[in-house]
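Trainee: Encoded as structure tokens, here's the structure I'll be asking about.
The values are calculated or read from the model by the stated rules, or taken from the named source; none is laboratory data. Keep in mind the model is a prediction, meaning the values are calculated, not measured. For neighbour counting, all protein chains shown are included, and Cβ atoms are generated from backbone atoms with ideal geometry for every residue, glycine included.
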Amino acid sequence: MSKRYVYGLIIAFALFTSIGVWQVYRIGRLTETFEHEKLLTQAITFAKALPIDLCLRFTFTAEDKSQPAFQHLQEQLVLATEHMTLKGLYLLAQRDGEWVMGPSSYFKAQTSSPLPGSLYPQPPPEVFTAYKSRQPQTTRPRAKGYGSGISAFIPILNPKTGEVLFLVGADLDSQTLRLNFLYARVIPFFTTFILLALCLIGVKVFGKHNDLSASTHWRQKYSETILCAIALLTLTASITWYVRLTEEHARALTFISQAQPQVEDIAKEMSTLYGKLDGLTRLFGASSHVTEKDFKCFVSRFTESVNVHSVLWLPAVQAEDIARFEVKARHSGLASYRVWQQDAHGNPVAATGRKTVYPAYYLAAADDL
């Protein structure tokens, strides 16, 4: 084998190695940027859907755990975490110079998690930056704390004063992050290995090339051509993978971005509905007795502007008061009224086995108003 072939193989080996290392690095950076942008966009979308009026009731102490609003928001955090395949979603507030936890999906997922109001362990610098700058921030990959992986922090501002009320935190699991990196880098690793293997095979093939006779099998005669074809196909596959991965990331970010206006519209409609229901709650709180006619009259005012199918009043009734409640309902005009539940076969039976029941008392369907 001539020196020309040796030099050519050395150059090819160095070139393929450099290309492989560059592509692995480039795809790694591309994937990291995508994961940061995706997490940030998801966190912003969720933050915009938060019911600020409910969140203002939280004190970020252990006492919040007994609030229905806290429990409801925590359920939403758990569902959103599962839907967006995140490690966790939570609220953070600054109290006396320390960062404390509010509602969090971690409290449901981990029985050993601390109560609301406990200190947020090892807050990264981005927490303070988000609070001071009032701008969303993402962290570099971390190995400790709740945010092992990468985290995003979104400041929620007071609509009247502009002050930061609290932060919404979103964590992407480090294991998920590693799997995404592995998925993105597997093809560059594989193609680099093939190209380097072709270089080593070429050393052996080119060394025997001058000794070939006229009767040599065609596969040996055209071995250089075959190796070059395989190398070009491998490079084409690598480039195709890079383009495909870039398009996947772009489509995912576009989808999330286009979903933001719809999420905001839904959140606005839910906020309007909550305000209407809050007014209905005040009606019951201000009157010792509300008739069915009063109920339907009040409800008809907002069913026209809000997409509501029906509105129910479910009063809380203690188990020992069920009989008295049924008598009261019958005297009010509901002659056959009784509090019931379904048995294992779907048949109506008397409601038992619970300290408190919530029977349907008044029902106002949109079609009947």
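Trainee: Does Leu89 meet the test of being among the hydrophobic types (A, V, I, L, M, F, W, C), within 21 Å of Thr176 (Cα to Cα), in contact (Cβ under 8 Å) with a residue 24 or more places away in the chain and not assigned by TED's automatic domain parsing to the domain that holds Ala197?
Mentor: Working: among the hydrophobic types (A, V, I, L, M, F, W, C): yes; within 21 Å of Thr176 (Cα to Cα): yes; in contact (Cβ under 8 Å) with a residue 24 or more places away in the chain: yes; not assigned by TED's automatic domain parsing to the domain that holds Ala197: yes.
It is true that Leu89 is among the hydrophobic types (A, V, I, L, M, F, W, C), within 21 Å of Thr176 (Cα to Cα), in contact (Cβ under 8 Å) with a residue 24 or more places away in the chain and not assigned by TED's automatic domain parsing to the domain that holds Ala197.
Trainee: Looking only at helices (runs of 4 or more DSSP H) that lie completely in the stretch 37-124, which have at least 2 residues being at pLDDT 85 or above and not β-branched (Val, Ile, Thr)?
Mentor: Details: elements: 52-55, 68-83, 106-109.
Of the helices (runs of 4 or more DSSP H) lying wholly inside the stretch 37-124, those with at least 2 residues that are at pLDDT 85 or above and not β-branched (Val, Ile, Thr) span 68-83.
Trainee: Would you please list the contacts, defined by Cβ atoms under 8 Å and residues six or more apart or on different chains, that run from a residue in the stretch 255-279 that is closer than 18 Å to Leu39 by Cα and modelled with pLDDT under 70 to a residue that is among the basic types (Lys, Arg) and surrounded by 13 or more Cβ atoms within 10 Å (Cβ to Cβ)?
Mentor: What qualifies is Gln260/Lys48; Val263/Lys48; Glu264/Lys48.
Trainee: Something else about it: I need the strands (runs of 3 or more DSSP E) fully contained in the stretch 323-368, keeping only those with at least 2 residues that are out of contact with any Ser or Thr (no Cβ under 8 Å at 6 or more places or on another chain).
Mentor: 340-342, 348-350
Trainee: From Glu35, Glu75, Glu63, grab the single residue that is surrounded by fewer than 20 Cβ atoms within 10 Å (Cβ to Cβ), closer than 27 Å to Leu253 by Cα and not assigned by TED's automatic domain parsing to the domain that holds Tyr183.
Mentor: Details: Glu35 fails: surrounded by fewer than 20 Cβ atoms within 10 Å (Cβ to Cβ); Glu63 fails: closer than 27 Å to Leu253 by Cα.
Within the list Glu35, Glu75, Glu63, the selection yields Glu75.
Trainee: Can you confirm whether the stretch 8-20 contains a residue that is surrounded by 21 or more Cβ atoms within 10 Å (Cβ to Cβ) and at pLDDT 85 or above? Talk me through it step by step, then tell me what you get.
Mentor: Step one: list which residues in the stretch 8-20 are surrounded by 21 or more Cβ atoms within 10 Å (Cβ to Cβ), which gives 16.
The next check asks that each one be at pLDDT 85 or above; those that pass are none.
Scanning the stretch 8-20 turns up no residue that is surrounded by 21 or more Cβ atoms within 10 Å (Cβ to Cβ) and at pLDDT 85 or above.
Trainee: Looking at Val311, Val306, which is the one that is β-branched (Val, Ile, Thr) and modelled with pLDDT of 75 or more?
Mentor: Values: Val306 fails: modelled with pLDDT of 75 or more.
Of Val311, Val306, the one residue that is β-branched (Val, Ile, Thr) and modelled with pLDDT of 75 or more is Val311.
Trainee: Also, I was wondering about something else. Taking interchain pairs and intrachain pairs at least six residues apart, which have beta carbon atoms under 7 angstrom, with the first residue in the stretch 48-61 and under 15 Å from Ala93 (Cα atoms) and the second of a type in the set (Ser, Thr, Tyr) and part of a helix (DSSP H, G or I)?
Mentor: Going by the 7 Å Cβ cut-off, there are no qualifying pairs.
Trainee: Let me ask you something else. Search the stretch 62-78 for residues being in contact (Cβ under 8 Å) with a residue 12 or more places away in the chain and under 13 Å from the mean Cα position of the chain (by Cα), and hand back the single one that is farthest from Arg95 (Cα to Cα).
Mentor: Val78
Trainee: Something else about it: Looking only at residues in the stretch 198-237 that are closer than 18 Å to Gln23 by Cα and exposed (fewer than 13 other Cβ atoms within 10 Å of the Cβ), which one is modelled with the lowest pLDDT?
Mentor: Taking the stretch 198-237 first, the residues closer than 18 Å to Gln23 by Cα are 231-237.
Then drop every residue that is not exposed (fewer than 13 other Cβ atoms within 10 Å of the Cβ), which leaves 232-233, 236.
Working: Leu232: 80, Leu233: 83, Thr236: 83.
Out of the qualifying residues, it is Leu232.
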